[in-house]
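Scroll down for the structure; my scribbles are underneath it.
The values are calculated or read from the model by the stated rules, or taken from the named source; none is laboratory data. Not measured: the values here are computed from a predicted model. For neighbour counting, all protein chains shown are included, and Cβ atoms are generated from backbone atoms with ideal geometry for every residue, glycine included.
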Amino acid sequence: MGASLPYDVAIVGAGPAGGAAAFHLARLGRRVLLLEREPAGRSKPCGGGMAASVQRWFPFDLTPAVDQVIRQVRFTWCLEDPVTAELPGDSPFWIVRRSVLDAFLAQQAEAAGAERRFGASVGAIERRDQGWQLALEGGERLEARAVVVADGSGSRFAAPLGLGPARPRFAATVSLEVEAAVAEPDTARFEFGLVHHGFCWSFPRRGGYSIGVGTFIGRQEADSEAVLASLLPALGLPADAGERRHGALRVWDGHHPLHAEGIVAVGDAASLCDPFLAEGLRPSLLSGTEAASALDRWLDGERDALAHYTARMRTEWGDSMAWGKRIAQVFYRVPRVGYQLGVKRPTAPQRIAQILSGEMGYGDIAQRVIKRLLFQRG
Ligand SMILES: Cc1cc2nc3c(=O)[nH]c(=O)nc-3n(C[C@H](O)[C@H](O)[C@H](O)COP(=O)(O)OP(=O)(O)OC[C@H]3O[C@@H](n4cnc5c(N)ncnc54)[C@H](O)[C@@H]3O)c2cc1C
């Protein structure tokens, strides 16, 4: 079917999800076109925290994209009452700079044989007899047998094409980068008490901090200026440091098909981001990797291969996120109780380290956590 078309797969968006899909498909010998709206090397609002365990999905070394290796994670309630989790030496947490990670993945894809085009904004995706036609802003038209929708949280294609939830749910974020001398370069911090229905983070990176505020329940953005006015001085920074960037992050909100005939959604476009801690890089890399393998089999004529992609993302990620969503709903409604009964337990630091390193899913801890929150509140 459609073997005469110029590309096997067109990928819309060169973030981590699209870059991972492009690399794996090109490595499998497929003719890949990776389309990215923005110029190369653009910075994105993102904390950049990522489990080192993602390395297992790639045959090349990811460390050129790593800015900082994190050995411990500190949680606080209103900047006090700290809990510190030591991350095991063999599974640290990495801080990546997004402009570097995204460009690095796209370069690896190109080296594996993918064609990439920056400044190429896709305006429409339409089904054709033999595959799909993509119309670029500016009028150019391209054809491919299959498409990967990897256009991120603001995806204009996923819902209309029936991929992921029809009405996506969003977390509100404010983020900033601050140049400064970093006091504890191997410690990532999460603060829960200052933000209504969410948390703020400060991640060290080379030459400064990546800082942000996320709100996970309701559509309302946290009073981020008041939060930052407390958080930044606690880090030894001026309260007005850094340029504020506001964003809407599409978060996981139920199990949905992530495929249709000859098309899949990956990463934020597929609403995979963790609704409790906003972890979106790992599921982006995982879904890009899984989608590539499924598309490769589909292109060889395996009709159910894309349905297997949806099913696999459910077992490998969605089932854990279903618990993450329930934990978020309970925790962010009664965060003080959640902090005392969840984070401050003697076993919590180890569990948290296992979640962040990707060794454990939310399902492993959720039932116990929810029972504790519901029945020991008073
Ligand atoms: C403030 C903030 C902090 C975060 N911190 C973390 C963190 O610490 N750790 C973590 O794991 N996750 C974090 N996340 C989530 C993480 O950034 C996302 O989950 C991740 O970027 C998703 O990758 P993606 O490839 O799906 O989408 P994106 O990285 O958004 O890439 C999509 C790409 O598609 C391009 N595009 C869009 N439309 C078109 C079009 N029409 N044509 C062509 N190209 C198009 C865009 O320019 C973009 O480059 C954070 C998110 C935010 C907002």
Note on Gly254: of the conditions (1) at pLDDT below 95; (2) assigned to a loop (DSSP other than H, G, I, E, B); (3) not acidic (Asp, Glu), unmet is (1)
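Among the candidates Gly212, Gly152, Gly198, which residue alone is closer than 30 Å to Ala10 by Cα, in contact with a Gly (Cβ under 7 Å, 6 or more places away or on another chain) and surrounded by 19 or more Cβ atoms within 10 Å (Cβ to Cβ)? Full working, then the answer.
Numbers: Gly212 fails: closer than 30 Å to Ala10 by Cα; Gly198 fails: closer than 30 Å to Ala10 by Cα.
The match here is Gly152.
Do any strands (runs of 3 or more DSSP E) entirely within the stretch 7-91 hold 3 or more residues that are among the hydrophobic types (A, V, I, L, M, F, W, C) and more than 18 Å from Ser287 (Cα to Cα), and if so, which?
Working: elements: 7-12, 32-36, 49-51, 66-70, 72-77, 80-86.
In the stretch 7-91, the matching strands (runs of 3 or more DSSP E) lie at 66-70, 72-77.
Given the structure, is Phe190 at pLDDT below 95 and crowded, with 22+ Cβ neighbours inside 10 Å?
Values: at pLDDT below 95: yes; crowded, with 22+ Cβ neighbours inside 10 Å: no.
No; evaluated as a whole, the condition is false for this residue.
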Check the stretch 43-50 and report whether any residue there is crowded, with 19+ Cβ neighbours inside 10 Å and away from the ligand (no atom under 16 Å from the Cβ).
no
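Looking at Arg345, Arg314, Arg303 in this structure, which one is part of a helix (DSSP H, G or I), surrounded by fewer than 19 Cβ atoms within 10 Å (Cβ to Cβ) and basic (Lys, Arg)? Talk me through it step by step, then tell me what you get.
Details: Arg345 fails: part of a helix (DSSP H, G or I); Arg303 fails: part of a helix (DSSP H, G or I).
Just a single option satisfies the conditions, and that option is Arg314.
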Strands (runs of 3 or more DSSP E) contained entirely in the stretch 104-147, each with at least 2 residues that are surrounded by fewer than 14 Cβ atoms within 10 Å (Cβ to Cβ):
122-127
Residues that are outside any strand (DSSP E or B) and crowded, with 18+ Cβ neighbours inside 10 Å, drawn from the stretch 236-250:
Leu237, Ala241, Gly242
Among all residue pairs at least 6 apart or on different chains, which show Cβ distances below 7 Å where the first residue, located in the stretch 18-32, is within 11 Å of Ala292 (Cα to Cα) and of a type in the set (Phe, Trp, Tyr) and the second is more than 14 Å from the ligand (Cβ to nearest atom) and assigned to a helix (DSSP H, G or I)?
Phe23/Gln108
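Each row is one residue, and each column tells you yes or no for (1) more than 14 Å from the ligand (Cβ to nearest atom); (2) of a type outside the set (D, E, K, R); (3) within 19 Å of Gly152 (Cα to Cα); (4) in contact with a Pro (Cβ under 6 Å, 6 or more places away or on another chain).
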residue	(1), (2), (3), (4)
Ile95	no, yes, no, no
Asp102	no, no, yes, no
Gln108	yes, yes, no, no
Ala111	yes, yes, no, no
Val122	no, yes, yes, no
Ile125	no, yes, yes, no
